[in-house]
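Since the structure comes first, as structure tokens, the remarks are kept for the end.
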Amino acid sequence: MTPPPQDRTPRKLTDMSELKALTHPIRLRLLYALRANKSMTATQLGDLVDESPASVSYHLRKLAEHGFVKEVENGSDKRQRWWSEANENGFSWSENDFADSPESLQVAKASKDSWLAHQWSRLRNFDRTSESWGPEWVSAAFSTDNVLRLTASETAEMDVELRAVVDRWRRHGEAATSGDREHVMVLMHGFPTTP
């Protein structure tokens with residue numbers, strides 16, 4: 001199995017307080033907004049997530065306390081505070097790292113539930129409004145599921161390969177200057193199941 005490129009390794013979360021900071025739905029929306037738009041002010045983020053700048057500032061400070069976002073310079077505009085995601089490689093966690101106590105495990109599960117709810121709400125929203133994107137985007141959007149027979153190590157290897165494919169397309173999109181581009185969310189999950 002080939003490890004992910006060193007520069008694309010997500011930050012590994014192992015502290016329960018970090019996960020607690022991620023369970024708030026507004027904070028998840030702010031993280032996704034910064035991931036998509038690179039840097040924004042609290043006012044811009046507030047407009048995007050339909051929250052007041054004061055509320056957004058509070059949540060940004062909470063995210064910054066745990067190293068998820070950071071203040072950044074933005075040219076000559078010194079009057080406003082600009083924010084970006086602190087680690088463009090993202091982050092990950094495993095329930096195994098929180099199995100030492102029932103409370104820690106419960107927080108890990110609640111954090112994952114929050115992320116999944118957010119991701120699936122985005123997919124449901126696209127399904128409800130797909131016609132507004134036009135026929136080209138409706139045809140391009142995809143959903144797929146498969147049931148494979150793999151070992152745990154093969155599943156981990158597939159994860160590395162899929163992440164490499166997504167990373168290649170991420171770099172392509174960032175470098176491209178032509179075309180009618182939109183933000184595209186790609187959800188991948190691999191887990192054992194009983195048929």
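We did not get these values from a lab; they are worked out from the coordinates using the rules stated. Not measured: the values here are computed from a predicted model. Neighbour counts are summed over all protein chains in view; Cβ atoms, including those assigned to glycine, are modelled from backbone coordinates with ideal geometry.
Details
- A simple charge model with +1 on the Cβ of Lys and Arg, -1 on the Cβ of Asp and Glu and nothing else charged puts the dipole of segment 21-69 at about 180 debye relative to its Cα centre.
- Reciprocal mean inverse distance between Cα atoms of the chain - Kirkwood radius, Å: 18.9
- DSSP bridge orientation in the chain - percent antiparallel, rounded to nearest 5: 80
- FRET efficiency, Leu148 to Ala54 (Cβ-Cβ, R0 45 Å, nearest 0.05): 0.40
- Taking the Cα centre of the chain as origin and assigning +1 to Lys and Arg Cβ atoms and -1 to Asp and Glu Cβ atoms, the resulting dipole is close to 380 debye.
- Distant-in-sequence amide contacts of Phe91, defined by a placed amide H-H separation under 5 Å and a gap of 5 or more residues or a different chain, comprise Arg11.
- Relative contact order %, segment 43-184, counting alpha carbon pairs below 8 Å whose residues are six or more apart: 8
- Alpha-carbon Rg/Rh ratio, for segment 121-195, with Rh computed the Kirkwood way: 1.03
- Comparing Thr155, Thr14, Thr23 in a Gaussian network model of the chain (Cα springs below 10 Å), the most mobile by mean-square fluctuation is Thr155.
- Dipole of the chain computed with +1 at Lys/Arg Cβ and -1 at Asp/Glu Cβ about the Cα centre; of Phe142, Ala42, Met188, farthest Cα towards the positive end is Ala42.
- The packing ranking of peptides 96-106, 42-52, highest mean first, is 42-52, 96-106, where packing means the average number of other beta carbon atoms within 10 angstrom of each residue.
- In order along segment 133-150, phi translates into HN-Hα couplings of 7, x, x, 5, 6, 4, 5, 6, 5, 9, 9, 8, 9, 9, 10, 10, 9, 9 Hz, rounded to whole numbers, per the Karplus curve 6.51 cos²θ - 1.76 cosθ + 1.60 with θ = phi - 60° and x for Gly and Pro.
- Karplus-derived 3J(HN,Hα), 6.51/-1.76/1.60, for each residue of segment 50-57, Hz, glycine and proline x: 6, 9, 5, x, 5, 4, 4, 4
- 222 nm mean residue ellipticity, helices alone, for the chain (DSSP H n ≥ 4; -39,500 (n - 2.57); rounded to 500): -16000 deg cm²/dmol
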